[in-house]
Structure formats: C-alpha cells, structure tokens
Amino acid sequence: MAVRIYIDQGHNPVNPNAGAEGNGLREQDIVYRIGQLLADRLRANGNFEVKLSRPTPTSQLGSSNATSLAARVGQANAWPADYFVSLHTNASDLSSASGTETLCFAVNSTGGRLAREIQNNVIAVTGLPDRGVKARPGLYVLRKTTMPAVLCELGFISNPGDAALLSRRPDLFADGVYFGIRSFTGL
C-alpha cells in the first residue's frame, strides 16, 4: 500500500495568509514550485500517493490565516495522510541569517525522526548551513495534524544567497526533501 504524503505549500498566492517576501521573491511562489517538483518525484517513485495543498498556482485556502491553516490540516486529516510536510522559506531582519531548519511537534517522536532525515538531506544537497531540527509544538500545522508532521524552513528569502538558490534551483530543495522522505520510509 502506498504511503500517503500531504505536501503543504505554505501560504496562499495572495492575502489572507500570503508569505514572506525578500530579494524580489515571494515565499508562496517558491514553495509552490518546490512542492510541485517534490510531488513529481514522489509519484514517479511508485510507493507514494501525494496530495498538494495548492494543486494550482492560484489555489487559495481559507478566508483568514486561521481558516487557511485549518483547511490545510483538515484536508490532510480527512484524506487521511500518513505524513504531513509543510514547505516554507524563512525570513529575518538580518540579511545575513542563512540556512535550513526543520520543525516538528516533538524532537523525540516519529515526526522528529522524519524532520531529522529531511534536514540532513536538504543540507547535503543544497550546502546551506544546518540550523537544526527544533520542536515547535505551538504551530497549528504541527499541533492539529493527526499524523506525524514537519515544517521545513528551507532557506531564508531575506538572505541574497539563500534566495538565489531557492529561486534558481528549486529542484535541489525538492530533491533534499524527497531523499529525506525516502530515507525515513525506506522506500
């Protein structure tokens, strides 16, 4: 039986719940592309079934931040997904902030183990600094999902180098997350 992966391409194309902006780029556009590439890789493998939060570039979820998050979690829970992977870019007031971090509900958990595999593989493929795996039990998508969930802060849109890599090589990030999922599942 195929492993069901819900890919949440963080944020909406327009407000409510639009993402961060930096270096002339928009988070929601970058993670939309990475999510599509990741879905293609998972589907081509044959061991995975995939559902995307934003199947088209104009897919809009909810009418507020709260209902947008609830819609994503609701879709994953209702499907039901085996794993929830939310894709994001980070942002900081410091343009020097750089790197990848992966968030989970609890580090010593199934979600934490998935987060570690994704983190290790994204770092290996992109060469970005390793900001670690961190527990963020207050985040809605990690707290309200009924399956192990991770939130990937793939790089800083506010950092010129990270932003250029995210924009020009979304395939590297899709590869890193894909390799992490494969390493975790053994598929």
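Rounded, prolate or oblate, given the Cα gyration tensor of region 84-187, with a/c below 1.5 counting as rounded? The shape class here is oblate. Dimensions of the chain from C-alpha coordinates, computed as largest minus smallest value along each principal axis and given longest first, are 43, 37, 31 Å. Counting only protein heavy atoms and a 1.4 Å probe, the chain has 41 square angstrom of accessible area per residue. Taking θ as phi - 60° and the Karplus parameters 6.51, -1.76 and 1.60, the scalar couplings of region 122-136 work out to 5, 4, 4, 7, 8, x, 6, x, 8, 8, x, 9, 10, 7, 9 Hz in sequence order, x denoting glycine and proline.
Whole-Hz Karplus values for region 55-69 come out as x, 10, x, 9, 4, 10, 10, x, 10, 7, 4, 5, 6, 5, 5 Hz, taken residue by residue from phi with 6.51 cos²θ - 1.76 cosθ + 1.60 and θ = phi - 60°; glycine and proline positions read x.
What does the convex hull of the Cα atoms of region 16-78 come to per residue, in Å³, rounded to a whole number?
Details: hull volume 5.5 nm³, N = 63.
Taking only Cα atoms, region 16-78 has a hull volume of 87 Å³ per residue.
In percent, rounded to a whole number, the relative contact order of region 3-81 is 38, using alpha-carbon pairs under 8 Å and six or more apart.
Full extension of the chain between residue 110 and residue 64 gives 13.5 nm of extra length, using 0.36 nm per residue less the Cα-Cα distance. According to the calculation over all Cα-Cα pairs in region 57-138, the P(r) per 10 Å bin from zero is 15, 38, 36, 11, 0 %. In units of the rule-of-thumb radius 2.2 N^0.38 Å, region 1-109 shows an alpha carbon radius of gyration of 1.11. As a fraction of the 1.4 Å probe accessible area of the chain, surface on carbon and sulfur atoms comes out at 51 percent.
Pop out the Kirkwood hydrodynamic radius of region 1-42 from its pairwise C-alpha distances, inverse of mean 1/r, in Å to one decimal. Kindly include the intermediate steps, with their values, before the conclusion.
Numbers: mean 1/r = 0.0882 Å⁻¹.
About 11.3 Å, per the Kirkwood formula over Cα pairs.
Relative contact order, percent, of the chain when contacts are C-alpha pairs under 8 Å separated by at least 6 residues? Relative contact order comes out at 28 percent.
The values are calculated or read from the model by the stated rules, or taken from the named source; none is laboratory data. As the structure is a computational prediction, the values presented were derived from the model and not from experiment. These area figures cover heavy atoms from the full protein model, side chains too; ligands, DNA and RNA do not enter into them. Shrake-Rupley method; radii C 1.70, N 1.55, O 1.52, S 1.80 Å.
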